[in-house]
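Quick notes on the structure that follows.
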Amino acid sequence: MNDYLDLAGQLVMVRLFGTELDAETDAFLRTYRIRGACLFRQNMRDAPQLTRFTGALRDAIGPQALIALDQEGGAVVRSTWVPAPPSAMALGAANDPDLAREVGAAVARAVRALGFNWNFAPVLDLNNNPRNPVIAERSFGADPEQATRIALAWMEGSEREGVACCVKHFPGHGDTHVDSHRDLPYVDKSRADLEQFEFAPFRIAAPHAPAMMTAHIVYPALDPVNPATMSHAILTGVLREQFGYDGVIITDGMDMHAIAHRYGVGQAAVNALVAGADMVMAIGTRATQIETVQAIAAAIRDGVLPLAAVQARLARLGKLADAHPAGAVAYAAEPDDCALMARAWRAGLTALRSPQRPERGARVRLVARADVVSDGVSEAGVPAASIAAALSQLYDVVLVTFADSETFDWAALPADGRFTILASTARRRYGPQACATWRPDLHLALWNPYQALDFPGPALLTYGFAPPALAAAVAWLAGEIDAPGVCPVPGFDGP
């Protein structure tokens, strides 16, 4: 059984706990021959700590280690102290492949300096559903050709700097209204509709992308029973055979509720590998990680996962690791990359319905959420006090915060002549009570651009809340820059 365990562990990526590689975890990685590790925000304190951690992981796993993170840009970043990249939709609004290529390269330089060799980005989901709770600005847009052109330029930049990309979430998470972290979404479209829309970016990317991540979504037209992660018809039939894809296929996190609440973790992992995946992302507890490896080992032993299929998967993973060696490298371009990111955020800045700038020194009321908690996928948004401080560079600012937009008494805001700015700092859309009873003079949509559709008034869209995004909004308010971006999804008509 030990030989099968050694093979099984090389098909698994795990989540780790803590900010250092402790002796017990080191032994676990070595004992089970685990190939990959994915680090999250809770594993990171600063650059010296993180570089030490990834170095220890490479030593424990070996020279073919795959050390990964989600550094997409915008709200989905894990290392928050490096130059802050714009979200995918900000780059889609800028519609400049050369700029996207340079941003992708800068992201790769920063994470490679921290010891990572695999970035789970860019997102190829086409977001055409304004109620999508988890993609939104993570998408480059809704037009298959334009969005994919920008995304692949981003990927080219990353490859140039030695970091593998992983496009996601095949075959498309953009047209859902359910977050697969919380439940199992269905996309009930015809095969023809999927071919024309969701499939298009992945088909275009297939000859170029070194890796693809699966979606925990059921597509009844393709497989009425299994989510894509565990569907042979989708992973093998569509991606491998129809698209001719020969890169690595990795699952999304198998602890997500769409999978974990319906299948045993071991059986789910086996199902995904039999369906065509090369690597399973086991990011649950240590007990479920061990259960995953043991279930895969038993499947290899019993012939459910034939040895030849295992060797083919190991060869693809080895090729990916050899082409993108793990190990920290020097990072000398940080000041230039900070300037690049600021320029990129400004390029995507988008004006909606002809917003007007208050005059410098004007009396302004800023209204914003009181909390800025993470939604579990993204980092926490910018605090209301930080926005007030930024606007106070230009205006006399009074800050009003609310806990819940649906219970807040919008009518209680005084009609005292102050120019009222609503700053949206969460992903969740506004409800009917807020939308029907109030209208700001200016809406700063600092995260989910679809929130700008909740109020009929003028808006400025940044597609993110990172410091250079807020700085771009302030520069626009000061009259120093224009807002040249064009929102790359339907529904945002007018200048």
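Since every read-out is calculated from the coordinates, none of them should be taken as a lab result. In this text the structure is predicted, and so the values were computed from the model without any measurement. Positions of Cβ are backbone-derived with ideal geometry, glycine not excepted, and every protein chain shown enters the neighbour counts.
Tabulated data
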| item | result |
| --- | --- |
| Computed helical MRE - 222 nm, the chain, DSSP H runs ≥ 4 contributing -39500 (n - 2.57), nearest 500 | -10500 deg cm²/dmol |
| Theoretical gain in end-to-end length, residue 407 to residue 42 [0.36 nm per residue, Cα-Cα removed] | 128.1 nm |
| Computed FRET value (nearest 0.05) for residue 437 with residue 315, which takes r as the C-beta separation and R₀ as 56 Å | 0.40 |
| DSSP-defined beta bridges in the chain - what % are antiparallel, rounded to 5 | 10 percent |
| Computed FRET value (nearest 0.05) for residue 24 with residue 371, which takes r as the C-beta separation and R₀ as 30 Å | 0.25 |
| Hydrodynamic radius (Kirkwood) for the chain, which is based on Cα pairs only, to one decimal in Å | 23.1 Å |
| Net length gained if the chain between residue 482 and residue 240 were fully extended (0.36 nm per residue, minus Cα distance) | 82.6 nm |
| Gain on full stretching of the segment that runs from residue 145 to residue 336 - 0.36 nm per residue minus C-alpha separation | 65.7 nm |
| Förster radius 35 Å - calculated FRET efficiency between residue 416 and residue 380 (Cβ-Cβ, nearest 0.05) | 0.65 |
| Antiparallel bridge percentage (DSSP; both residues within the range 349-477; nearest 5) | 15 percent |
